[in-house]
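First up is the structure itself, then whatever we jot down about it.
The values are calculated or read from the model by the stated rules, or taken from the named source; none is laboratory data. Keep in mind that what you see is a predicted model, and the values were worked out from it rather than measured. So basically every Cβ, Gly included, is an ideal-geometry build from the backbone, and we count neighbours across all protein chains shown. Each accessible area value is taken on the protein alone, full model and side chains, heavy atoms only, with ligands, DNA and RNA left out. Shrake-Rupley method; radii C 1.70, N 1.55, O 1.52, S 1.80 Å.
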Amino acid sequence: PYVLANSRIRDSIRTELSQLTGLPVALTGNSSVSVLPAFVASISDVEIGAPPGSGQFGARAKTVAVELSWLAALSRRVEIKALKIDTAEIELAEDSSGYWFPDALEERISPGIAMARKALSDNPESPDFSAIADWNIRNVALTNTRIRLVGKSGDVNSISDLNAELGWPGNNMPVLLS
């Protein structure tokens, strides 16, 4: 019988998240995998990047539910389709160039954001996002999230109790904030 072991899924998720962000990822809590109604790995105590208060990009989450692709699993691969992040603290630190994300993540998302802005300015009523590359990760949902924005001068602004569903324009997914 074909089985993807929990430890293999966990290691693959850590690798995928590290490659996506260009940062170290630690999965220090418990994990479980369910297959119905969706193929989901739930992991507690997830850490990405630098620790909070360091003045560098970092994120901590109490729980992350990672929806995985059945099709990829049939090929013995782990492919992330969506993330649901609960009770997170994210620290974004502005670097000398005015960027808020680490270089690897900035390089990945900046072209898409620039293309989405152009599509919106070209046709605000019906923007064409078809030129934006899609992402396997179709959306990221945040609940009970706190974001700290640390400016170049050291000033800190916070957003608390953020609930958001973040889509990727190439996947025609909206951004919803509450």
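Structure above, values below:
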read-out	value
Whichever lysines have a C-alpha closer than 21 Å to that of LYS81, once near sequence neighbours (fewer than 8 apart) are set aside	LYS62
Order by protection proxy (mean Cβ within 10 Å, highest first), peptides 9-15, 124-130, 73-79	9-15, 73-79, 124-130
Accessible area of SER96 in the full protein assembly, 1.4 Å probe (Å², nearest 10)	110
